[in-house]
Amino acid sequence: MSRTTPATPSTTAAPDARGRRLPRQLHPVAWWIWALALATAVSRTNNPLLLFLVLAVLGFVVTARRTEAPWARGFRYYLWLALAVVAVRVVFRAVFATGTTPTDHFLFALPRIPTPDWYAGIRLGGPVSLEALLSAATDGLRLACMLCCIGAANTLANPKRALRVLPGALYELGVAVTVSLSVAPQLVQSVQRVHRARRLRAGRSKGLRALRGIVVPVLEDALERSLRLAAAMDSRGYGRAGTVTARSRRVTGVLMLSGMCGLCAGAYGLLDATAPAPLGFPALGAGALLCVAGLRLGGRRVTRTSYRPDPWRAAEWAVAGCGVVSAVVLFAGTGFDAADLNPSIYPLGWPALPPVPAAAILLAGAAGLAAPPPRAHRPAPVPDHHRTTRDRG
């Protein structure tokens with residue numbers, strides 16, 4: 001049974017005497033729904049103008065609603081990673097060239113490497129056209145936008161707080177997902193802490209010379225954090241079955257596995273027009289019922305309390321709705337030509353900006369205004385092995 005305490009002004013979004021919203025932390029699930037819905041909308045388009053608009057929306061929301069935590073300043077690292085994704089995609093397209101046509105705009109030619117007969121269809125080197133590089137850059141930009149959506153969710157929401165709202169049956173899986181999602185924010189925080197300690201110690205080396213002085217402390221910090229996490233999980237009884245019987249675990253596993261198979265079959269039936277009718281909504285509904293039964297049965301063996309649970313109020317509905325509406329509009333395809341989402345590069349021309357999808361993406365940016373201002377973050381103490389002699393004195 002969960003224990004709930006009365007909410008304090010720091011956890012609510014009620015306006016003060018002057019009508020201003022008090023700062024509070026938005027529910028982490030709301031940010032993840034918003035980010036995943038925006039990533040779903042990105043998967044529907046290959047229009048570079050819409051993709052750059054998505055990046056602008058992400059930058060605005062992250063700048064407006066990120067906290068002062070060290071890991072919340074890591075969105076720029078996702079941007080650099082996204083740029084690397086685009087660059088790698090373009091380089092691969094140039095190396096594994098597919099040839100050019102007489103109407104393409106020729107740029108340069110790479111040395112041709114002969115390939116065996118069983119390697120037919122793939123060419124190494126050869127002429128490279130402008131259309132091929134632009135197509136690769138657009139594909140890489142779409143993947144980069146999806147990566148930035150996940151980075152925005154990691155920047156705006158603490159994944160550890162989302163663990164408290166998972167059903168009991170998914171507790172072990174939720175812990176694994178939470179630990180994996182926390183790797184990137186904690187790595188950014190570790191790099192920033194080591195960099196700050198190096199500056200205090202007058203470490204001025206840059207480039208490859210500074211790599212050893214940064215990588216070793218970061219790896220040491222990651223190892224210590226892993227040991228502390230393992231000790232904390234062991235002290236809290238993580239992984240122990242408690243009073244649950246083997247029969248209950250087997251029934252829960254069968255229900256969850258059967259439900260997942262039903263959901264997969266239902267999704268396939270809805271996407272494939274030639275699939276039999278029972279593979280559509282009937283299989284999807286049966287799979288959902290089996291999953292709910294498995295969650296209810298498995299949740300009985302996990303008993304935990306909740307101190308000050310995160311509230312779900314109008315701001316959470318607004319933020320999640322902004323992302324979901326943008327995804328629904330781009331998937332529905334009403335009010336605009338579907339070809340505007342994926343403009344052709346052959347022949348080469350400037351893509352058009354469809355107004356309805358652009359308005360839907362701008363609506364997702366309204367989450368930066370609908371969310372309450374974040375609370376100030378109290379900085380964590382610097383470990384002893386990162387302090388200078390002057391700090392210790």
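Kindly indicate whether any position in segment 120-130 is surrounded by 20 or more Cβ atoms within 10 Å (Cβ to Cβ), modelled with pLDDT of 70 or more, farther than 30 Å from Val216 by Cα and in contact with a Ser or Thr (Cβ under 7 Å, 6 or more places away or on another chain).
Scanning segment 120-130 turns up at least one residue that is surrounded by 20 or more Cβ atoms within 10 Å (Cβ to Cβ), modelled with pLDDT of 70 or more, farther than 30 Å from Val216 by Cα and in contact with a Ser or Thr (Cβ under 7 Å, 6 or more places away or on another chain).
Give the residue, chosen from Leu53, Leu49, Leu36, that is more than 21 Å from the chain's Cα centre (by Cα), at pLDDT 85 or above and part of a helix (DSSP H, G or I).
Only one candidate passes the filter, namely Leu49.
Say we look at segment 332-351 and pick out the residues that are touching a residue at least 60 places away in the same chain (Cβ under 8 Å) and farther than 17 Å from Arg142 by Cβ; which of these is surrounded by the most Cβ atoms within 10 Å (Cβ to Cβ)?
In this case the residue turns out to be Leu348.
Only one of Ala360, Ala288, Ala327 is closer than 30 Å to Ala246 by Cα, part of a helix (DSSP H, G or I) and at pLDDT 75 or above; which?
Only one candidate passes the filter, namely Ala288.
Kindly list the number of the only condition in (1) surrounded by fewer than 19 Cβ atoms within 10 Å (Cβ to Cβ); (2) at pLDDT 85 or above that fails for Phe96.
(2)
The values are calculated or read from the model by the stated rules, or taken from the named source; none is laboratory data. All of these numbers come straight from a predicted model, not from anything done at the bench. Quick reminder, even Gly has a Cβ in these numbers, built from the backbone with ideal geometry, and neighbours come from all protein chains shown.
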